[in-house]
Structures are given as C-alpha cells and as structure tokens.
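In what follows, a structure is listed as structure tokens, so that the remarks can point back to it.
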Amino acid sequence: MPEPAQLRGYILCFDFGFRRIGVAVGQTATWTANSLQTVSHRQQPDWPAIDRLVAEWKPSALVIGLPLGPEGEETDMSKAARAFGTALHKRYSVDTHFADERLSSRAAEERFIEGRASGQLRRKDSSRLDAMAAQVILENWLASLNN
C-alpha cells in the first residue's frame, strides 16, 4: 500500500464486472470519492470510454475492486479483476492497486435505497449502482491509507 504522501491528485477506481464496470474518482487533497459513471464490458472493456476518463482525470493511481470469496479466497471474478488491473497498468503506466470489495455492493445498495427514499434517485438510476460501488471501494481504500 502506498504512503499517503506519495499520492497526489486524482485516483480512479473501478468496480469490475462482466457486463458493466463502475468508475469513481477520488482526490488526495480531501480524501473523498465520488461516483462517476459505468462503462460497458461485453467481450472486452469499453477502452475508448476508459481512455477518455484517464485522459480527463490524469490519475496518479488506479484502484481495482477485488471480489474475493467469503474467506478472502480468489474467485473466477477476482482473477478476471486482476487481469483487468494488469491491462489497465500496461495501457496507462499508472500505479495500480487492488482493494477488497466484499462489502461494497451491499453498501452501494443501501446508499441507493436511501437516495430513492429521499427523492434524489429514481429506479432508472439503478445503472449507477456499479459506480456507487466503485465509490465505496475507493472511500474504504483511502480510509485504509489514513489509518
């Protein structure tokens, strides 16, 4: 894990999935994260969309959520997420880190339910769940750096 002083600027986080990849951005100035969007992932990730995000935010680091099993073991999905992280690193030459994401989906669902109850989100906004999960992953990763 990098030292907080080594990180400057923005960090992009990816919640890898076989249909969609959620994306969030965080910043080291405030140690906060925000959901951005989801990008398509059919046979392969939507590289042009990811290229645009990397060009826009110019991240100093990339974080990929690692969907480990209940006991922390590797799964087929975590192996695919690692391969995606390796591809990101090769493509952009940016420091790449993996973060345990076992509780991120549930936390994102709870935030979505709260957003719907408060009127901020609608059912059609459910496509944002993956981006919200990426935000949770990044918030947890940033918090682990500060502890």
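The values are calculated or read from the model by the stated rules, or taken from the named source; none is laboratory data. Since the structure is predicted, the reported quantities are computational estimates derived from the model, not experimental observations. Here Cβ is always computed from backbone atoms with ideal geometry, including for glycine, and neighbour counts include all displayed protein chains.
Taken together, the criteria place ASP95 among residues that are closer than 15 Å to CYS13 by Cβ and out of contact with any helix residue (DSSP H, G or I) (no Cβ under 6 Å at 6 or more places or on another chain). Out of HIS89, HIS97, one residue alone is part of a strand (DSSP E or B), under 19 Å from TRP141 (Cβ atoms) and under 15 Å from the mean Cα position of the chain (by Cα). It is HIS97. Residues that are more than 18 Å from ASP95 (Cβ to Cβ) and at pLDDT 90 or above within region 20-32 comprise ARG20, ILE21, GLY22, THR32, listed in sequence order. Just one of (1) exposed (fewer than 12 other Cβ atoms within 10 Å of the Cβ); (2) assigned to a helix (DSSP H, G or I) fails for GLU73. It is (2). Contact map, region 69-93: residues that are farther than 20 Å from VAL39 by Cβ and at pLDDT below 95 paired with residues that are surrounded by fewer than 15 Cβ atoms within 10 Å (Cβ to Cβ) and of a type in the set (Val, Ile, Thr), Cβ distance under 6 Å, separation 6+ or inter-chain. Pairs shown: GLY69/THR75.
Whenever a residue of region 129-147 is touching a residue at least 12 places away in the same chain (Cβ under 8 Å), its partners that are in a helix (DSSP H, G or I) and surrounded by fewer than 17 Cβ atoms within 10 Å (Cβ to Cβ), lying with C-beta atoms within less than 7 angstrom and at least six residues away or across chains, give the pairs LEU129/GLU109; LEU145/PRO4; ASN146/PRO4. Taking ASP15 as the residue in question, decide whether it is modelled with pLDDT under 95, within 13 Å of LEU138 (Cβ to Cβ) and not small (Gly, Ala, Ser). Here the answer is yes, as ASP15 does meet what is asked. From the list SER35, SER40, the one residue that fits, being in contact with a strand residue (DSSP E or B) (Cβ under 7 Å, 6 or more places away or on another chain), free of Cβ contacts under 8 Å to residues at least 24 places away in the same chain and more than 18 Å from TYR92 (Cβ to Cβ), is SER40.
This table checks each residue for (1) among the small types (Gly, Ala, Ser); (2) surrounded by 16 or more Cβ atoms within 10 Å (Cβ to Cβ); (3) in a helix (DSSP H, G or I).
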{"position": "ALA24", "(1), (2), (3)": "yes, yes, no"}
{"position": "THR30", "(1), (2), (3)": "no, no, no"}
{"position": "ALA33", "(1), (2), (3)": "yes, yes, no"}
{"position": "THR38", "(1), (2), (3)": "no, yes, no"}
{"position": "ILE50", "(1), (2), (3)": "no, yes, yes"}
{"position": "ALA55", "(1), (2), (3)": "yes, no, yes"}
{"position": "PRO59", "(1), (2), (3)": "no, yes, no"}
{"position": "GLY65", "(1), (2), (3)": "yes, yes, no"}
{"position": "ALA80", "(1), (2), (3)": "yes, no, yes"}
